[in-house]
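First comes the structure, then the notes that go with it.
All of the numbers you see were taken from the coordinates with simple rules; none came from a lab. Given the structure is predicted, the values throughout are model-derived calculations rather than measurements. Cβ sites come from the backbone with ideal geometry, for glycine too, and all protein chains shown count toward neighbours.
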Amino acid sequence: MLVLLCINPPPLQAGLRYDELASGECFPHLYGPLSHQPIISFPHLPHAHSSHRQ
């Protein structure tokens, strides 16, 4: 299952780091637990048919 979470970064504190990709873009990674407080929303992602199996 793939879940998209929209979060408010400040409550994450030290666990959030931005890693630079080869393209020069920064990609956020959370190193640590995620509590429910910083979650703003979780939009529905439509199910796409694929060859991926659970």
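Here are the numbers for the structure shown:
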quantity: Estimated FRET transfer efficiency (MET1, SER35; beta-carbon r; R0 30 Å; 0.05); calculated: 0.90
quantity: D_trans [Stokes-Einstein, Kirkwood Rh over alpha-carbon pairs] for the chain, 37 °C, 0.692 mPa s, µm² s⁻¹; calculated: 243
quantity: Extension gain (nm, one decimal) between ASN8 and CYS26, 0.36 nm per residue minus Cα-Cα; calculated: 4.8 nm
quantity: For the chain: relative contact order, % (alpha-carbon pairs under 8 angstrom, 6 or more apart); calculated: 45
